[in-house]
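Undergrad: Submitted below is the structure of interest, expressed as structure tokens.
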Amino acid sequence: MIDDEGFIRTLKISFNILTHPKERKRISEMKRVFRKYQSHLNAVSIVAKKI
């Protein structure tokens, strides 16, 4: 993550994960799904829509 985002941005993301319980739960669920299906995944795409 540090290679992709840089050290400061990684700290900011980590801080946000630690201080936002709802988002932390969602990230944990995503991580669990990725690990469960890791042998079947070739790429991951995330699509976001600004509300």
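Undergrad: Pairing the Cα long axis of helix 7-19 with the longest principal axis of the chain, what angle in degrees results, from 0 to 90 and rounded to the nearest 10?
TA: 90
Undergrad: Another question, if that's okay. Over its Cα atoms, what ratio of radius of gyration to 2.2 N^0.38 Å does the chain give?
TA: Values: Rg = 12.9 Å, N = 51, 2.2 N^0.38 = 9.8 Å.
For the chain, the normalised Cα radius of gyration comes out at 1.32.
Undergrad: About the Cα centre, and with charges only on the beta carbon of Lys, Arg (+1) and Asp, Glu (-1), how big is the dipole of the chain? Nearest 20 debye, please.
TA: Details: 12 positive and 5 negative charges, 71 e Å.
Once rounded to the nearest 20, the dipole reads 340 debye.
Undergrad: At 0.36 nm per residue, minus the direct Cα-Cα distance, what do Glu29 and Asn42 gain on full extension? Give it in nm, one decimal, please. Spell out each step's value before the answer.
TA: Values: separation 13, 0.36 × 13 = 4.68 nm, distance 1.90 nm.
Going from the current span to full extension adds 2.8 nm.
Undergrad: A further question on this structure: Compute the acute angle (0 to 90°) between the alpha-carbon long axis of helix 21-36 and the principal axis of greatest extent of the alpha-carbon atoms of the chain; round to the nearest 10°.
TA: Relative to the chain, helix 21-36 is tipped by roughly 30 degrees.
Computed from the coordinates by the stated procedures, all read-outs in this text should not be read as laboratory data. Please read all numbers here as calculations on a predicted model, not as lab measurements. As a convention, Cβ positions derive from the backbone with ideal geometry for all residues, glycine included, and neighbour counts pool all protein chains shown.
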